[in-house]
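As structure tokens, the structure follows; a few thoughts come after it.
The values are calculated or read from the model by the stated rules, or taken from the named source; none is laboratory data. Model, not experiment: these values are computed from the prediction. Here the Cβ positions follow ideal geometry from the backbone for every residue, glycine too, while neighbour counts run over all protein chains shown. Accessible surface is based on the protein model in full, side chains and every heavy atom, while ligands, DNA and RNA are left aside. Shrake-Rupley method; radii C 1.70, N 1.55, O 1.52, S 1.80 Å.
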Amino acid sequence: MQTIFQTIKDIAIKIDHAIKTEDLGYSDSSNASGEDQLKLDVKSDYIIEEAFKGVDIVKALISEEKEGVLELHEEGIYTICYDPLDGSSLADVNLSVGSIFGIYEGEPRGENLVASAYVVYGPRIELMLATKEEKPLHYRANEGLFNLIGEVSLNEKGKLNAPGGTQQYWSDYHKRFVESLFAEGYRLRYSGGMVPDLHQILLKGGGIFSYPGTTDVPKGKLRQLFEVIPFAFMYEQAGGQAINDKGMRLMELIPAHPHDTSPCFFGSDYEIEALKEAYGIKA
Ligand code: AHM
Ligand code: MG
């Protein structure tokens, strides 16, 4: 696993350099979900693929930017599902973006995830690594080296509310839930990039990030293998909760297709319990 983590550190330095120096425009292609790809999406995907080709414990790669599975090493153990540049449409307005990695042993599904990682490309490069044994570890890069800042834990209750999705299409009960948090004094923190938005909640001790099912996208936007399950693991390891709109742990998701999405809610205990009540989810 340490080889995989070291490879992710090398990848992070390369992608950060690409973000800072390369063309921010669109490529001529679209991804597996039919979305237009930026040149940076394609480049980041290439950087990751090339890096893991040299790591023989990696059996296969599944990228948010590509259809299908790329088999790498027959004798490998892990399948890495990754979103090479999440929130890439924010790069041209100079907001933070990220990379997300889910490391699965066996079939890629929630219960088989053994580690996850994400990188935030902001004013600094930051990295969070989570394994089953410990709380997520937070690193910050300095001149190409990642220094450990410390373990990350969520408080029982936070102050931040990051409500995703198109408000026009929210259900009435979701709208009431979001408003009830603001009425309690929660502050809005939402950039439109799930990596920096979830990172902020983790580092500031708590709150909730939601991306519900809506009338236009009933199963939400965020993809289970590349985005939802890796972050669910981070939040649970930090002492928080991560559930879908039925109260099921996101770590129990079994995608039928690699690009399947799910409504998702990540937060500290207090906010997730409040969400369950607002959604009529029985304990
Ligand atoms: P992407 O993987 O195509 O970048 O999409 C994922 C991003 C998340 O970072 C963010 O939470 C969400 O899309 C915001 O989407 P929208 O603005 O469409 O609600
Ligand atoms: Mg994404």
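Here the range 241-252 is the region considered, the condition is being in contact (Cβ under 8 Å) with a residue 24 or more places away in the chain and open to solvent by 10 Å² or more (accessible area, probe 1.4 Å), and the residue that is farthest from ligand 2 (Cβ to nearest atom) is G247. Only one of the listed residues (V178, V119, V195, V152) is within 22 Å of D269 (Cα to Cα), within 16 Å of ligand 2 (Cβ to nearest atom), touching a residue at least 24 places away in the same chain (Cβ under 8 Å) and aliphatic (A, V, I, L, M). That residue is V195. Selection of first residues in the range 215-229 that are more than 18 Å from P196 (Cα to Cα) and open to solvent by 20 Å² or more (accessible area, probe 1.4 Å) and of second residues that are at pLDDT 95 or above and not aliphatic (A, V, I, L, M), restricted to Cβ pairs under 6 Å at least 6 apart or on distinct chains, gives the following pairs, ordered by first then second residue: T215/Y169; D216/Y169; K219/G213; K219/T261.
Is at least one residue of the range 67-82 modelled with pLDDT under 95 and within 16 Å of ligand 2 (Cβ to nearest atom)? For the range 67-82, residues modelled with pLDDT under 95 and within 16 Å of ligand 2 (Cβ to nearest atom): present. Note on the range 99-121: residues that are surrounded by fewer than 16 Cβ atoms within 10 Å (Cβ to Cβ) and in a loop (DSSP other than H, G, I, E, B) total 2. Screening the candidates L145, L127, L85 for the property of being aliphatic (A, V, I, L, M) and over 16 Å from the mean Cα position of the chain (by Cα) yields one hit, L145. For the range 258-276, what are the residues that are within 16 Å of ligand 2 (Cβ to nearest atom) and part of a loop (DSSP other than H, G, I, E, B)? P258, H259, D260, S262, P263 - these are the residues of the range 258-276 that are within 16 Å of ligand 2 (Cβ to nearest atom) and part of a loop (DSSP other than H, G, I, E, B).
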